[in-house]
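Student: Before I ask anything, let me first share the structure, which is written out below as structure tokens.
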Amino acid sequence: MKRIIATLLLIISFYFGFSQKSNSPATPINTYNYSSPKKIIATQGAVVSAHPLASKVGIEILKMGGNAIDAAIATQLALAVVYPQAGNLGGGGFTVARLADGKEITIDYREMAPGNANRDMYLDEKGDPLHEKSQEGHLSSGVPGTVAGLFASYKYAKLPFSTLIQPAIDIAEKGFVITKRQAQSFNALQENLKKYNTVSPVFIKENWAAGDTLIQTDLANTLKRIRDKGEAGFYEGETARLIVEEMKRGSGIITLDDLKNYKAISREPHSFHYKGYKIISMPMPSSGGLLLNQMMKMIENREIGKMGFLSVQAIQLMVEVERRAFADRAKYMGDADFYNVPVDKLCSPAYLQERMMNYDPAKATPSSTIQPGTVAGYESEETTHLSVIDKDGNAVAVTTTLNDSYGSKTVVGGAGFFLNDEMDDFSIKPGVPNMYGAVGGEANAIKPGKRMLSSMTPTIVLKDNYPYLVIGTPGGTTIPTSVFQTIVDIIEFGMTTEDAVWKAKFHHQWLPDHIEIERAIPEKTREALRIMGYTVVDRGPIGRTELIKVISRKKIEAVADVRGDDAAEGY
Ligand code: GLY
């Protein structure tokens, strides 16, 4: 009888949450029935991410006494389970944090080109680009950085690592129900999964539907090896062996040495001031911080606030600064450990003033007439961002990516996680666009050990020396422009947090020379832009911005994007 009661209790606890473990959250997380709160007001702390279960995990960690770094680590690990299209162990990312003691941190765990990579590895014998090889399958993967990044952040955390990883293990092992969006996404993936996998992954199934349960036993076992052995549980031993075997089966080139030698790097943030605010963002190998700096500074003295949100004048000015910044990206930006990126010059007041000399508020400046200053598509949304703040004012912005949705589409056999296809973020040939339509050259050419140029822009804005905005988004090259527009919406147009996140966005990246525009932007605005000489191209959702705004020390707003299942949690 006792055994029957114990078994029943176990089944009930599996169904309603994971509260029976000492490592587990005090409030059980129900993985079978959850919703996606889009806006919350909190007094103590907030987490906003691409998946409701991941946001809940983060909040429970804060309630258990963890700080914002603890919560960010746990949320990131949970995303690797519940949001496999971008949450990851097999990719990379960037963390920007501002601690309550004023310390500013950025951690670079961008993927690295394997030791056997070479500049022309994605060109055929005629020198033509082989996009499939840089975008899908084993050869498209860089050496993953995420796990090293988690441990580099962990030195600022408070709780045992085993506590932070346990919710992810539990959800992987016992399963969670998938949303309608997730089911559609899995269904769309089936053909590629069959094509790019050597061992059939759990994601292969006919007709996924909302409410189906996803159990990931191999992934749970990988997470347990990381829990028990730390970084070595991923970069050495069983997991490393499984990755390298997967590479051998699929003609990939990542070796045991590549994995063992991978290091996350703490870097100086890319920071600047804008009208009394301090903006802290990511330096190279992300173009995000520098592009944001260039764009904000090019509008600073032009009274954009008076033009009004989504006015033709404001869109036109923002498009023109986006165009100029992205022209510089194509020529000058890449991994600064390998290429001398003239960062100071590119954001100096004199240079930016010079860049705007040919700006005409009445008409488009064609990209053919805008070259990179004298001193460089179409988006998959599948990068992911999370923002966290705690009661002491520690703020963390994390953006991670597999690059394309589900990365290379290859799941490591026996280890249960997708590998990235980040090699496509290198310039595989000068002037040849990558999957986002972005072009590059020498600065971003492939070299062994080099990190490919990113657009990820995890950003913290300080007001009166305290976190004011914690922000970021997925969206490939639209990331810096979305972060730029959201900050301008709040600081210059005085918009509410929800309007700044949810309302329409637009994007220009020098080449191709057109404005990509969300459908909600009215026809009369488009027509006015066309008359000024712009080509306007309709596109689907731009980004999935996750925003925290601190109203006061005891009032925090967190807003999740309505463009996905994203959710805000707070307490
Ligand atoms: N893979 C997208 C980025 O890093 O910008």
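Student: How many times 2.2 N^0.38 Å is the alpha carbon radius of gyration of the range 72-161?
Tutor: On the way: Rg = 16.9 Å, N = 90, 2.2 N^0.38 = 12.2 Å.
My calculation over the Cα atoms of the range 72-161 gives 1.39.
Student: Charges at C-beta only: +1 for Lys and Arg, -1 for Asp and Glu. How large is the resulting dipole of the chain about its Cα centre, in Debye rounded to 20?
Tutor: Numbers: 63 positive and 65 negative charges, 240 e Å.
Around 1160 debye, computed over the chain.
Student: Tally Lys/Arg at +1 and Asp/Glu at -1 over every other residue whose Cβ is under 11 Å from the Cβ of residue 75; what's the total? Provide the component values of the computation, followed by the final result.
Tutor: Working: positive: 56; negative: 60, 70, 546, 569.
Around residue 75, the charge tally is -3.
Student: Please list the non-local residues whose amide H lies under 5 Å from the amide H of residue 112, H modeled 1.01 Å from N, same-chain partners needing a gap of 5 or more.
Tutor: Those qualifying (amide H under 5 Å, at least 5 residues apart or on another chain) are 143.
Student: Which ³J(HN,Hα) values, rounded to whole Hz and listed in residue order, are derived for the range 560-568 from phi using the Karplus coefficients 6.51, -1.76 and 1.60 in 6.51 cos²θ - 1.76 cosθ + 1.60 with θ = phi - 60°, glycine and proline given as x?
Tutor: 3J(HN,Hα) across the range 560-568, in whole Hz: 9, 6, 7, 6, x, 7, 3, 9, 10.
Student: Something else now. Within a Cβ distance under 9 Å of residue 276, other residues only, what is the Lys/Arg minus Asp/Glu net charge?
Tutor: Numbers: positive: 275, 278, 463; negative: 464.
Charge balance in the 9 Å sphere: +2.
Student: Right, something else. Which parts of the range 414-445 would a label at residue 126 reach, counting a residue when its backbone N lies under 17 Å from a point 7 Å out along Cα-to-Cβ?
Tutor: Residues passing the 17 Å test: 429, 432.
Student: Follow-up question, since we're still on this one. Could you give each residue of the range 495-500 its phi-based ³J(HN,Hα) in whole Hz, using Karplus coefficients 6.51, -1.76, 1.60 with θ = phi - 60°, and x for Gly or Pro?
Tutor: 7, 5, 4, 5, 5, 4
Student: Still on this structure, I have one more. Largest first, please: the extent of the C-alpha atoms of the range 265-312 along each principal axis, to the nearest Å.
Tutor: 41, 22, 14 Å, listed from the longest principal axis down.
Student: Further question: Determine the sum of side-chain charges near residue 334: Lys and Arg each +1, Asp and Glu each -1, restricted to other residues whose C-beta is under 13 angstrom from that of residue 334.
Tutor: Values: positive: 110, 119, 329, 331, 447, 450, 451; negative: 328, 335, 337, 425, 442.
Taking every other residue near residue 334 into account, the sum is +2.
Student: Please sort by residue number the GluC sites (Glu not before Pro) in the range 170-268 whose DSSP state is loop and whose Cβ has at most 16 other Cβ atoms within 10 Å.
Tutor: Values: sites: 173, 191, 206, 231, 236, 238, 245, 246; in loops: 206, 231, 236.
The qualifying sites are 206, 236.
Student: A follow-up question, please. Report the charge-dipole magnitude of the range 443-571 in Debye, nearest 20, computed about the Cα centre from +1 at each Lys and Arg Cβ and -1 at each Asp and Glu Cβ.
Tutor: Values: 17 positive and 17 negative charges, 86 e Å.
So the magnitude is around 420 debye.
Student: Another question, then. Using a simple spin-label model with points 7 Å from Cα along the Cα→Cβ vector, what separation in nm is obtained for residue 464 and residue 442?
Tutor: Placing both labels 7 Å beyond Cα along the Cβ direction yields 5.0 nm.
Student: Further, regarding this structure: Which of the residue pairs 505/549; 260/447; 229/447; 126/195; 263/297; 180/205 have a Cα-Cα distance greater than 23 Å in the structure shown? Show your work: numbers first, answer last.
Tutor: Numbers: 505/549 19 Å; 260/447 18 Å; 229/447 31 Å; 126/195 26 Å; 263/297 33 Å; 180/205 15 Å.
Violating the 23 Å limit, Cα to Cα: 229/447; 126/195; 263/297.
Student: Between residue 495 and residue 275, what is the label-to-label distance in nm when each label sits 7 Å out along the Cα-to-Cβ direction?
Tutor: The answer from the label model is 1.4 nm.
Student: Across the range 76-86, in residue order, what do the Karplus-derived ³J(HN,Hα) couplings come to in whole Hz, using 6.51 cos²θ - 1.76 cosθ + 1.60 with θ = phi - 60° and x for Gly and Pro?
Tutor: 4, 5, 5, 4, 4, 9, 8, 9, x, 5, 9
Student: How high is the FRET efficiency between residue 337 and residue 199 when r is their beta carbon distance and R₀ equals 45 Å, given to the nearest 0.05? Walk me through the numbers before you get to the answer.
Tutor: Numbers: r = 35 Å, r/R0 = 0.78.
In this case the efficiency is close to 0.80.
Student: If you take the beta carbon distance between residue 354 and residue 311 as r and set R0 to 35 Å, what does 1/(1 + (r/R0)^6) give as a FRET efficiency, to the nearest 0.05?
Tutor: Details: r = 26 Å, r/R0 = 0.75.
Given R0 = 35 Å and the Cβ-Cβ separation, E is 0.85.
Student: Between residue 268 and residue 116, what FRET efficiency comes out of the Förster formula 1/(1 + (r/R0)^6) with R0 = 25 Å and r the beta carbon distance, rounded to 0.05?
Tutor: Values: r = 31 Å, r/R0 = 1.24.
The value I calculate is 0.20.
Student: Compute the semi-axes of the equivalent ellipsoid of the chain, taking the square root of 5 times each eigenvalue of the Cα gyration tensor, and list them largest first in whole Å.
Tutor: One finds semi-axes of 36, 28, 21 Å for the chain.
Student: If you don't mind, another one. Counting other C-beta atoms within 10 Å, and keeping those with at most 15, which DSSP coil trypsin sites (Lys or Arg not before Pro) do you find in the range 45-132?
Tutor: On the way: sites: 56, 63, 98, 103, 110, 119, 126; in loops: 103, 110, 119, 126.
The qualifying sites are 103, 126.
Student: Consider a paramagnetic label point 7 Å from the Cα of residue 369 along Cα→Cβ; state which residues of the range 519-560 have an amide N under 19 Å from it.
Tutor: Residues passing the 19 Å test: 529-536.
Student: When ranked by the protection proxy of mean other Cβ atoms within 10 Å per residue, highest first, what sequence do the peptides 78-84, 524-530, 28-34 form?
Tutor: Working: 78-84: 28.4, 524-530: 15.3, 28-34: 17.1.
The most tightly packed comes first, giving 78-84, 28-34, 524-530.
Student: Using 7 Å Cα-to-Cβ label points, what is the residue 344/residue 241 separation (nm, one decimal)?
Tutor: 5.1 nm
Throughout, read-outs are computed from the coordinates displayed, never taken from laboratory work. Given the structure is predicted, the values throughout are model-derived calculations rather than measurements. Neighbour counts run over all protein chains shown; Cβ positions are idealised from the backbone, glycine included.
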